[in-house]
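First comes the structure, then the notes that go with it.
The values are calculated or read from the model by the stated rules, or taken from the named source; none is laboratory data. Computed from a predicted model, the values in this text were never measured in an experiment. A quick note on method: Cβ atoms are made from the backbone with ideal geometry, for glycine too, and the neighbour counts reach across all protein chains shown. Remember, those area values only see protein heavy atoms, side chains included, never the ligands or the DNA or RNA. Shrake-Rupley method; radii C 1.70, N 1.55, O 1.52, S 1.80 Å.
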Amino acid sequence: MTFRFTTAGESHGRGLVGILEGLPAGLPVSAADVDLELKRRQGGYGRGARMKIESDRIEWLSGVRAGETLGSPIAMLIWNRDWEHWQDVMAPEADDPKSERRRQVTRPRPGHADLAGSLKYDRMDARDILERASARETVARVACGAVCKKLLREFSIEIGSHVAELGGVVAKVGAQHAAPLPANMNAVADQSPVRCLDKDAEAEMIRRIDAAKAAGDTLGGIVEVIALGVPVGLGSHVSWDAKLDGRLAQALMSIPAVKGVELGLGFEAARRKGSEVHDEILPGFSRATNRAGGTEGGMTTGEPLVVRVAMKPISTLMSPLKTVDLKTGGPAQAQSERSDVTAVPAMGVIAEAMLAIVVTGALLEKFGGDALSELKRNVDGYLAQVRARTPRGAAS
Ligand code: EPS
């Protein structure tokens, strides 16, 4: 069964749906496991009033029975509480031709999907675009990612993230800094209002969020996402679309407002000599360093996957930029709907989900199995084969 996932739903519509197909039967999973991740995504200093309205939880629609997956498509539903206030605006039924729908958006926001989407889909009301382009959709991604994380945990693969930069403030903790990452990274990061592991940087980030809010502006940042325990050999060098680094870049770049994805040293590798970039191979096939960020030739190396994800500032500005009105064609100020000042802390949780989904896809592709027991046997057999290659007398 091919592994795939998709989502459906609009920001102020009835709700969101996440569908995962191709997971093995017999994986223990509960709504509480998923809701925990949804709660993490809702947090973060700099979020707007919407997060006070929502309290995201899933309802299983299919694919799980008696606390275990069935191997059939897993569908999860998350209701939008805010829909109560938007029922008439979002109603699927046609309006009385004499009345105009409320809350139309005709002044597209620079940086949002509003303008390109309205032209492409031939819409006069950009709400037809922005409702789906909204990052609210990421709730369903995080739900799917939470189930994937459960599967990965069965193989001791753990995924975490922290905010490495926000509003131009750089945290001095992370894979590229001397200060090591804590073993329980998420537990520590989740204690911080901005999910930052550097207390001094955290205080400055909060100051900058407050200042941006006061100025009607928004802030972006960079998150570092890390997967520990990933076995060597996921993905492949043989074809462009099999390469795991490419698949990670695509998945992470698809998160709303993400503009850059780096693996390991990323762009910095282009500035260094080869001797200062590549990770020397030690007896036992371990590495002296992990500057590659856990992939070589489109395959995992067995070292941690380290991905940095850059998010631009949110495009809804309370002090709006210039635009053109879709109806009149004349100059205007962009629409300023209620929004967040920054969603960088939440983006880390979303990036974890996307990383979990990609690694799950690669794991299932390599090892297959209709039941978790079968998948485990397949993984164990492969790991034994790799261990048998370790030269005699080498460190294990
Ligand atoms: C978003 C705008 C805001 C955010 C929303 C994403 O929503 P609203 O317009 O309802 O205030 O809060 O994010 C979420 C609702 C969420 O769950 O993350 C946008 O335009 O992208």
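Here is how the numbers come out for the structure above:
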| read-out | value |
| --- | --- |
| Any hit, region 17-31, residues being under 21 Å from Asp82 (Cα atoms) and open to solvent by 10 Å² or more (accessible area, probe 1.4 Å) | yes |
| Lone qualifier among Thr295, Thr301 - being under 30 Å from Lys376 (Cβ atoms), in contact with a helix residue (DSSP H, G or I) (Cβ under 8 Å, 6 or more places away or on another chain), modelled with pLDDT of 95 or more and not hydrophobic (A, V, I, L, M, F, W, C) | Thr295 |
| Cross-chain or 6+ apart pairs with Cβ under 8 Å, region 109-121 first and farther than 18 Å from Leu321 by Cβ, then part of a helix (DSSP H, G or I) | Tyr121/Asp128; Tyr121/Ile129 |
| Flag for Met1 being of a type outside the set (Phe, Trp, Tyr), closer than 20 Å to Leu151 by Cα and in a loop (DSSP other than H, G, I, E, B) | yes |
| Positions within region 170-184 being touching a residue at least 40 places away in the same chain (Cβ under 8 Å) and open to solvent by less than 20 Å² (accessible area, probe 1.4 Å), in sequence order | Gly174 |
| Residue in region 11-31 that is in a helix (DSSP H, G or I), out of contact with any helix residue (DSSP H, G or I) (no Cβ under 7 Å at 6 or more places or on another chain) and either away from the ligand (no atom under 11 Å from the Cβ) or over 30 Å from Met318 (Cα atoms) (or both) present | yes |
| Spans of helices (runs of 4 or more DSSP H) in region 72-167 with at least 2 residues open to solvent by less than 50 Å² (accessible area, probe 1.4 Å) and away from the ligand (no atom under 14 Å from the Cβ) | 138-153 |
| Answer residue from region 43-52, given it is under 16 Å from Ile350 (Cα atoms) and within 7 Å of the ligand (Cβ to nearest atom) and is most open to solvent (accessible area, probe 1.4 Å) among those | Arg47 |
| Members of region 185-202 that are part of a helix (DSSP H, G or I) and open to solvent by 40 Å² or more (accessible area, probe 1.4 Å) | Ala187, Val188, Lys199, Asp200 |
| Only one of Asp217, Asp245, Asp190, Asp210 that is in contact with a Lys or Arg (Cβ under 7 Å, 6 or more places away or on another chain) and modelled with pLDDT of 95 or more | Asp190 |
| Hits in region 56-71 - residues which are open to solvent by 50 Å² or more (accessible area, probe 1.4 Å) and under 22 Å from the mean Cα position of the chain (by Cα) | Arg57, Glu59, Trp60 |
| Among the candidates Lys98, Lys172, residue that is over 17 Å from the mean Cα position of the chain (by Cα) and over 29 Å from Lys39 (Cβ atoms) | Lys98 |
| Strands (runs of 3 or more DSSP E) wholly inside region 284-396 containing at least 2 residues that are within 16 Å of the ligand (Cβ to nearest atom), more than 30 Å from Glu268 (Cβ to Cβ) and open to solvent by 60 Å² or more (accessible area, probe 1.4 Å) | none |
| Sole exception among (1) open to solvent by 50 Å² or more (accessible area, probe 1.4 Å); (2) in contact (Cβ under 8 Å) with a residue 60 or more places away in the chain; (3) aliphatic (A, V, I, L, M); (4) more than 24 Å from Pro313 (Cα to Cα) for Ala215, by number | (4) |
